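All remarks here apply to the structure that follows.
The values are calculated or read from the model by the stated rules, or taken from the named source; none is laboratory data. These numbers come from a predicted model, not from an experiment. With ideal geometry, Cβ positions are generated from the backbone for all residues, glycine too; neighbour counts draw on all protein chains shown. For accessibility, only protein heavy atoms count, side chains too; no ligands or nucleic acids. Shrake-Rupley method; radii C 1.70, N 1.55, O 1.52, S 1.80 Å.
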Amino acid sequence: VQLQASGGGLVQTGDSLRLSCAASGRTFSTYHTGWFRQAPGKEPEFVATIRWSSGSTYYADSVKGRFTISREEAKNTVYLQMNSLKPEDTAVYYCANSVTRSVSAHASDYNTWGQGTLVTVSS
């Protein structure tokens, strides 16, 4: 499985962006696809994850109510709709697949990663 993240860009505070994560050849062993982000000089941070079978979602408190993760099974694609963006959302965003049955916010539970897409929010 390979993951291709796209959709990043430069926006202003309050704007919206939609990130996409396309999987080439999703296997049945993938339970969740998640988004993480890493700002310059900071540790990677969990953003959101979605379970493929049920569509159930889980969010970090910092993005709850502003970001929405969704999946489109026919396209093997997961989306991250980001609204009301803030400067502190600036980071490289990565999507990743997990083969862990339980929902997880830990990067170590995700074994396949995309290349990342940069989101910059100006104040």
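Taken over segment 15-36, the criterion of being at pLDDT below 95 and either outside any strand (DSSP E or B) or of a type in the set (Lys, Arg) (or both) is satisfied by GLY25, ARG26, THR27, PHE28, SER29, THR30, TYR31. Inclusion of SER98 among residues that are open to solvent by less than 40 Å² (accessible area, probe 1.4 Å), closer than 22 Å to THR30 by Cα and modelled with pLDDT under 95 is warranted. A count restricted to segment 35-56 and to residues that are more than 19 Å from LEU85 (Cα to Cα) and buried (at least 16 other Cβ atoms within 10 Å of the Cβ) stands at 3. Among the residues of segment 57-88, those identified as outside any loop (DSSP other than H, G, I, E, B), without any contact (Cβ under 8 Å) to a residue 40 or more places away in the chain and open to solvent by less than 60 Å² (accessible area, probe 1.4 Å) are TYR59, PHE67, ILE69, SER70.
Tell me the residue from THR100, THR117, THR68, THR90 that is of a type outside the set (Asp, Glu) and more than 23 Å from VAL11 (Cβ to Cβ), please.
So the residue among THR100, THR117, THR68, THR90 that is of a type outside the set (Asp, Glu) and more than 23 Å from VAL11 (Cβ to Cβ) is THR100.
Which condition does VAL92 not pass, out of (1) assigned to a strand (DSSP E or B); (2) surrounded by fewer than 14 Cβ atoms within 10 Å (Cβ to Cβ), if it passes all the others? Here VAL92 meets the rest and fails (2). In the set (1) charged (D, E, K, R); (2) without any contact (Cβ under 8 Å) to a residue 12 or more places away in the chain; (3) surrounded by fewer than 16 Cβ atoms within 10 Å (Cβ to Cβ), the condition left unmet by ASP109 is number (3).
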